[in-house]
Amino acid sequence: MTVHAYVSESPEVRGMLKAQVTDLLRAPDRDSAVRIRSAYKTGYFWLTEEVRPLWRRAQADRLTVRSPAGPESSPGRFLQELYPLAALMEREGLAVEFLSGDADSPYSAALFRGDRQVWEGECFVPLHLRHSADGREVLAPTGWLTVRGAPRHKPEQPLYDHRLATDGELFWDWYCGAVLPALLALADRRPGLPIFRNLSVSLGLSEPDLDIGVLGERVSMTEALTEEVYFGTVDTLKRHLAEDAGSRRLMPGRIVPVAVSTPGTDGWARVTLSEYGPLEAPTETCTPSPEPDLGGNPAPAGSAFPWNPSRTWQAARRQADRLGLEWHVPAMSVKGRPVPAVVRRKEGGHGVLVTGGQHANETTGAAAAVGFIGTLAASPLPFAVLPLENPDGAYLHRALIQVNPDYMHHAARYTSLGDDLEARVRSGQPRWEARGRVWAAGAVQATLHLNLHGYPAHEWVRPYSGYAPFGFESWALPAGFMTIIWYHPGLAEKARNLAHAIASRLRGLPDVAEHAARACRANAAHSVRPHYELIEGLPFILAEQPAALCPLTVVTEAPDETVYGEAFRMFVRAQLAVCEAALAYHQAELEGQ
């Protein structure tokens, strides 16, 4: 008898399951074979668990892998699923070539030593055609069970060959069927208003959640499900309310998913919804704000961990006092927390605006913004620094990393109303947190905006929405420290010159440059079309943005979600290097006028 099963479980659980099934089938008059494969990232685990011992034994020096062709909407879907295989092959000294197969083909691979092929094989990929929460048709991972058997010495016949839903699928189907319809009905009762105060979704599932020891990567279906809950809820509400899929203006309320891996146990889920009154909506306070809480010790320079909000405020206030700068609180968050600014005004304009913490799960920007105050104060230019624009998100992120420090926690990305504060600026309605940015830009007549951001440090997956994160597909795989430059019409040449100035400064940080080179190689190997260009070996995106707040905007993108220790310090240094290069370029341009 032969049993082939695909389950979404950790290697340890799959090993125990194989031993249990083998014992169950053991009989003196019957041969049996049992194989338990991963239903999630099937190709990657097949190659690393089953094929890796073969290439080591055969002393192979080359591997070719043929992936199923992805759907038209996501042609690189199966190539991404193999990530970070290219980095693993590089570490093991094997050359690897990725090829594209047919839409219905399995994964296949061949090993070579020199010009001689020493092995070939293939692996079935269990998939389920489903609709994403927002209505798109997608291919999603699923479990599968195949049983074949026959009397001894007779050819085996299929006894069972069917899909086997995983814990993740069972939870997601329940959430889409029971929770999302209730939220849509609530949205209909609150047109034009925030839909709810808080949606808390907690779950524990027997699903994989492990560090795979390559490029700091994780394979975590539980983390992926928190991404599905957050973005799937938002996408569904956008579709229902006829909001553009790329819009960040929707105010659903705060969505807080928390998932834990509970290997080998029954799954559970709990959803709690906190609603507004029938016509209730948050109101903005315009009264002078109190001083921020400055209790405790400031975060030390070179800190290896994300700063909590009070320490960010305290460190910024100490800089302002030490350097004789203005301290203002021009805005308050929806939850009533301050959004302070350190300011120096001067006649003549052409000021520099520095903002950090817009997306609160992007952790190095706030530390870098505070660290840059001294450099700005030594320049002759007016400037304003808002080190933490989204304090509500920062407090939520602080709570979430106590539970799952290695998850990217996009639930803390936006404000407590669920919208992006920059969307308020661009729509001409800079309420609550967004008021601070507009006030600061005007106070110093800013013509350069240094907007400090980050993005996921490991693979970003939404398994039931097309695998790559819908709307953010190009950010699914890290590519090292990246810089985006937005420019107003007519400033393309200045933007490119600025990019070269930044690249030259970053090249002076060997650890940052080497990290980016490794990440870009892995990213390019597992992407159909990388979304960036390389300038002096570093990834950049240059784009005309007439709606940007300033003529030139530098958006840093450090792969800092989930980094700590030396990696955190490294990306703070990279943020500062970009700021220093941009400031020097801006000052030189003004002096040359």
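Below is a table of values for the structure above.
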{"read-out": "Any strands (runs of 3 or more DSSP E) falling wholly within segment 450-545 and containing at least 2 residues that are hydrophobic (A, V, I, L, M, F, W, C) and either under 22 Å from Asp211 (Cβ atoms) or at pLDDT below 95 (or both)", "value": "none"}
{"read-out": "The one condition in (1) open to solvent by less than 50 Å² (accessible area, probe 1.4 Å); (2) modelled with pLDDT under 95; (3) more than 24 Å from Ala399 (Cα to Cα) that Thr287 fails to fulfil", "value": "(1)"}
{"read-out": "Filter pass, Trp432 being among the hydrophobic types (A, V, I, L, M, F, W, C) and farther than 19 Å from Pro340 by Cα", "value": "no"}
{"read-out": "Tabulated pairs, segment 481-506, first under 11 Å from Ala582 (Cα atoms), second open to solvent by 40 Å² or more (accessible area, probe 1.4 Å) and aliphatic (A, V, I, L, M), C-beta under 8 angstrom, 6+ apart or interchain", "value": "Ala501/Ala584"}
{"read-out": "Residue match in segment 388-407 (condition: over 19 Å from the mean Cα position of the chain (by Cα) and among the hydrophobic types (A, V, I, L, M, F, W, C))", "value": "yes"}
{"read-out": "Only one of Leu184, Leu159 that is within 34 Å of the chain's Cα centre (by Cα) and surrounded by 11 or more Cβ atoms within 10 Å (Cβ to Cβ)", "value": "Leu184"}
{"read-out": "Every pair of residues 6+ apart whose Cβ atoms lie under 6 Å, when the first sits in segment 57-70 and is closer than 16 Å to Cys123 by Cβ while the second is among the polar types (S, T, N, Q)", "value": "Arg66/Ser108; Pro68/Ser105; Ala69/Ser100"}
{"read-out": "Residue check for Ser108: touching a residue at least 12 places away in the same chain (Cβ under 8 Å), surrounded by 15 or more Cβ atoms within 10 Å (Cβ to Cβ) and in contact with a Ser or Thr (Cβ under 8 Å, 6 or more places away or on another chain)", "value": "no"}
{"read-out": "Some residue of segment 258-281 being among the aliphatic types (A, V, I, L, M), assigned to a loop (DSSP other than H, G, I, E, B) and open to solvent by 90 Å² or more (accessible area, probe 1.4 Å)", "value": "yes"}
{"read-out": "Segment 411-428 - residue that is in a helix (DSSP H, G or I) and of a type in the set (Lys, Arg) and, of those, nearest to Val258 (Cα to Cα)", "value": "Arg424"}
{"read-out": "Among (1) surrounded by fewer than 19 Cβ atoms within 10 Å (Cβ to Cβ); (2) modelled with pLDDT of 95 or more - the single one Gly149 does not satisfy", "value": "(2)"}
{"read-out": "Residues located in segment 558-593, provided they are crowded, with 23+ Cβ neighbours inside 10 Å and among the acidic types (Asp, Glu)", "value": "Asp560, Glu561"}
{"read-out": "Whichever residue in segment 447-460 is open to solvent by less than 10 Å² (accessible area, probe 1.4 Å) and among the hydrophobic types (A, V, I, L, M, F, W, C) and, among such residues, is farthest from the chain's Cα centre (by Cα)", "value": "Leu448"}
{"read-out": "Criterion: modelled with pLDDT of 95 or more, farther than 30 Å from Thr222 by Cβ and either of a type in the set (Gly, Ala, Ser) or in contact with a Ser or Thr (Cβ under 7 Å, 6 or more places away or on another chain) (or both) - qualifying residue of Ala366, Ala360, Ala384", "value": "Ala384"}
{"read-out": "Qualifying residue in segment 432-439 (condition: under 19 Å from Thr312 (Cα atoms) and in a loop (DSSP other than H, G, I, E, B))", "value": "yes"}
{"read-out": "Members of segment 126-141 found to be over 23 Å from the mean Cα position of the chain (by Cα) and within 21 Å of Arg35 (Cα to Cα), listed by number", "value": "Pro126, Leu127, His128"}
{"read-out": "Any hit, segment 525-539, residues being open to solvent by 10 Å² or more (accessible area, probe 1.4 Å), closer than 28 Å to Met89 by Cα and among the basic types (Lys, Arg)", "value": "yes"}
{"read-out": "Filtered residue count, segment 190-230, keeping only those that are modelled with pLDDT of 95 or more, more than 23 Å from the chain's Cα centre (by Cα) and loosely packed, with under 15 Cβ neighbours inside 10 Å", "value": "0"}
{"read-out": "Selection status of Ala87, free of Cβ contacts under 8 Å to residues at least 24 places away in the same chain, over 13 Å from Val125 (Cα atoms), of a type in the set (Gly, Ala, Ser) and part of a helix (DSSP H, G or I)", "value": "no"}
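Conditions tested, residue by residue: (1) in a loop (DSSP other than H, G, I, E, B); (2) aliphatic (A, V, I, L, M); (3) open to solvent by less than 10 Å² (accessible area, probe 1.4 Å).
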| site | (1), (2), (3) |
| --- | --- |
| Ser310 | no, no, no |
| Gln319 | no, no, no |
| Val329 | no, yes, no |
| Pro340 | no, no, yes |
| Lys346 | yes, no, no |
| Thr355 | no, no, yes |
| Gln358 | yes, no, yes |
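The values are calculated or read from the model by the stated rules, or taken from the named source; none is laboratory data. These figures come from a predicted structure and were not determined experimentally. Ideal geometry is used to build each Cβ from the backbone, glycine not excepted, and the neighbour counts take in all protein chains shown. Just the protein is used for accessible areas: all its heavy atoms, side chains included, with ligands, DNA and RNA removed. Shrake-Rupley method; radii C 1.70, N 1.55, O 1.52, S 1.80 Å.
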